[in-house]
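All remarks here apply to the structure that follows.
The values are calculated or read from the model by the stated rules, or taken from the named source; none is laboratory data. As the structure is a computational prediction, the values presented were derived from the model and not from experiment. Side chains are part of the model used for accessible areas, which takes the heavy atoms of the whole protein and leaves out ligands, DNA and RNA. Shrake-Rupley method; radii C 1.70, N 1.55, O 1.52, S 1.80 Å.
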Amino acid sequence: MTDIESTIFQRIYDAVIKEFPTANIISEDIESPASFPTVAIVEQDNTVYEKTIDSSGLENHSKLMYTVNVYTNNSSNRKSEAKKIMSIADMAMQNMLFRRIMLSPAPNIDRSVYRLTARYTAIVGQASQESDKTVYQIYIR
């Protein structure tokens, strides 16, 4: 199994915190954020990319899907704030060669909260070791 969740999280975290130092950034789905703005980065799918299974039946690549939710409740500019935060997260995902497959406002339980949801996919190769770091190759398909 390909596991790059911590890398994805850290890259988005670093990018968002530069512009929004008080943002709450988490790695799981939530119904109601404790503070605002909140960015939730969740791995939604991690499946074997069957086209590249080798003759021994081993996995060589995985197809990953991530969902990014941005929650804001600023009464004067919650929509524009959410869009700005999402554009930062979106650029971080694109810089990692993930393809956005969806971006839209999403209904939230608390109607005073504005929520934007985006989904991203990529094909990721199995890890190789470079000194003490694990390195994954990300491909667009």
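With protein chains left intact and a 1.4 Å probe, residues in the stretch 1-134 average 56 Å² of accessible area per residue.
When the chain is treated as a Gaussian network with alpha carbon springs shorter than 10 Å, the biggest mean-square fluctuation among Asp14, Asp45, Asp54 belongs to Asp54. For the Cα atoms of the chain, what angle does the longest principal axis make with the long axis of helix 78-95, in degrees from 0 to 90, nearest 10? Long axis of 78-95 versus the principal axis of the chain: about 20 degrees.
Taken over the stretch 18-57, the alpha-carbon convex hull comes to 115 cubic angstrom per residue. Reported to the nearest whole Å, the Cα centre-to-centre distance from the stretch 1-49 to the stretch 83-130 is 9.
Starting from the alpha-carbon convex hull of the stretch 1-140, give the projected area averaged over all orientations, in nm². List each step's numbers first, then the result.
Values: hull surface 37.3 nm².
Here the figure is 9.3 nm², rounded to one decimal.
Computed from Cα atoms, the angle from the helix 5-19 axis to the main principal axis of the chain rounds to 30 degrees.
Once you have the Cα-Cα distance between Ser27 and Ile109, take 0.36 nm times their residue separation minus that, and quote the gain in nm to one decimal.
Values: separation 82, 0.36 × 82 = 29.52 nm, distance 1.94 nm.
So the chain would gain 27.6 nm between Ser27 and Ile109.
Where the accessible area of the stretch 1-123 is counted over protein heavy atoms with a 1.4 Å probe, how much of it, in %, is carbon and sulfur?
Details: 3170 of 6710 Å².
Accessible surface attributable to carbon and sulfur in the stretch 1-123 totals 47 percent.
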